[in-house]
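The values are calculated or read from the model by the stated rules, or taken from the named source; none is laboratory data. Here the structure is a predicted model, which is why all the values come from computation and not from measurement. Neighbour counts are summed over all protein chains in view; Cβ atoms, including those assigned to glycine, are modelled from backbone coordinates with ideal geometry.
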Amino acid sequence: MSDLDFTSRNVLVVGGSSGIGNGIAHAFAARGAAVTVTGTRARASDYANEEGSELDGLRYVQLDLSSPTALEEVPFDLETLDILITSQGAVRYGRAEFEIDAFRSVVEINLNSVMACASHFRPLLATSGGSMIVISSISAFNARRGNPAYASSKAAAVALVRTLGEAWAPEGIRVNGIAPGLVPSKLTTVTTENEERRRKVLKQIPLGRMGTPDEMAGAALFLASPLASYVVGHTIVVDGGKSLS
């Protein structure tokens with residue numbers, strides 16, 4: 001059996017209705033896993049014909065993590081859980097994050113809801129000896145002049161990975177993370193759909209191109225597999241070399 005065969009494994013991708021999370025969900029499904037994804041819309045069909053949102057073959061559950069009680073109110077019906085991936089994210093542009101209400105709303109999704117998911121699914125992960133993977137960002141490692149909430153919440157998510165990794169390893173739970181660089185998604189359209197901004201960022205990436213959800217999925221498959229059985233508390237940077245200088 002291949003180390004990347006996830007047959008009979010149950011995977012939950014929070015925020016897996018689109019973008020990086022959706023790419024990761026399909027990568028696990030293609031390797032035999034039963035995959036559940038969440039999104040904020042009422043039905044999977046509400047994402048029909050939307051680029052980056054392919055939900056065929058995935059189980060869909062509506063979950064709006066802007067509500068602190070959302071996890072308690074949603075029936076996931078998961079008897080077992082082997083892999084938890086938190087890929088939810090929020091950002092506010094136009095310097096809105098300098099206002100405290102916007103700051104709090106971004107931190108609620110990017111940090112607080114990650115911890116809420118970790119706590120909620122911890123018993124299932126402990127039973128299975130499972131793996132948790134937190135999707136953060138390379139914004140965790142640099143200043144983001146216009147986005148104080150996004151940058152600080154992603155930095156905190158990296159710290160959370162280290163802390164939970166150490167705290168929960170004795171229970172058999174491996175917690176790790178992925179910090180993507182520029183990948184086309186709903187959160188990055190301000191750059192990817194602006195020719196001048198896109199060209200400027202591409203010049204800063206040694207590989208000279210944007211990443212893809214599939215490339216982020218490769219790191220997730222590795223971290224969840226036996227190949228990473230001794231990897232705990234680390235966030236892998238997958239950015240085409242952008243953060244090297």
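Give the residues of region 193-212 that are in contact with a helix residue (DSSP H, G or I) (Cβ under 8 Å, 6 or more places away or on another chain), more than 22 Å from residue 93 (Cα to Cα) and not hydroxyl-bearing (Ser, Thr, Tyr), sorted by residue number. Matches in region 193-212: 205, 206, 208, 209. Could you list, in sequence order, the residues of region 194-221 that are free of Cβ contacts under 8 Å to residues at least 60 places away in the same chain and part of a helix (DSSP H, G or I)? Answer for region 194-221, where residues must be free of Cβ contacts under 8 Å to residues at least 60 places away in the same chain and part of a helix (DSSP H, G or I): 195, 196, 197, 198, 199, 200, 201, 202, 203, 215, 219. Considering only residues of region 31-50 that are polar (S, T, N, Q) and assigned to a strand (DSSP E or B), which is surrounded by the fewest Cβ atoms within 10 Å (Cβ to Cβ)? Residue satisfying both the conditions and the ranking: 36. Within region 130-148, being surrounded by fewer than 16 Cβ atoms within 10 Å (Cβ to Cβ) and either within 14 Å of residue 164 (Cα to Cα) or free of Cβ contacts under 8 Å to residues at least 24 places away in the same chain (or both) holds for 143, 145. Hey, among the residues in region 87-103 that are touching a residue at least 12 places away in the same chain (Cβ under 8 Å) and outside any loop (DSSP other than H, G, I, E, B), which one's surrounded by the most Cβ atoms within 10 Å (Cβ to Cβ)? Looking at the filtered set, the residue picked out is 97. Checked against (1) surrounded by 15 or more Cβ atoms within 10 Å (Cβ to Cβ); (2) among the acidic types (Asp, Glu); (3) free of Cβ contacts under 8 Å to residues at least 12 places away in the same chain, residue 82 meets all criteria but (3). Does residue 28 qualify as being of a type outside the set (Gly, Ala, Ser), within 24 Å of residue 65 (Cα to Cα) and in contact (Cβ under 8 Å) with a residue 24 or more places away in the chain? Answer is yes for this residue.
Which one is nearest to residue 208 (Cα to Cα) among residues in region 154-180 that are of a type in the set (Gly, Ala, Ser) and buried (at least 23 other Cβ atoms within 10 Å of the Cβ)? Out of the qualifying residues, it is 179. The condition (being under 21 Å from residue 134 (Cβ atoms) and either of a type in the set (A, V, I, L, M) or at pLDDT below 95 (or both)) is satisfied by just one residue among 44, 25: 25. Within region 51-71, residues that are in a loop (DSSP other than H, G, I, E, B) reach partners that are modelled with pLDDT under 90 with beta carbons closer than 7 Å, at six or more positions or on different chains, in the pairs 52/185. Being over 21 Å from residue 113 (Cα atoms), touching a strand residue (DSSP E or B) at 6+ places or on another chain (Cβ under 7 Å) and not hydrophobic (A, V, I, L, M, F, W, C) is a description that applies to residue 243.
Looking at 190, 183, which one is surrounded by fewer than 19 Cβ atoms within 10 Å (Cβ to Cβ) and under 18 Å from residue 90 (Cα atoms)?
Criteria check complete, one pass: 190.
Residues of region 115-129 that are over 15 Å from residue 167 (Cα atoms) and either modelled with pLDDT under 95 or of a type in the set (Ser, Thr, Tyr) (or both): 127, 128. Figure legend. Inter-residue proximity from region 1-18: first residues on the phi > 0 side of the Ramachandran plot, second residues at pLDDT 95 or above and part of a loop (DSSP other than H, G, I, E, B), beta-carbon distance below 6 Å, spacing 6+ or different chains. Indicated pairs: 15/87; 15/88.
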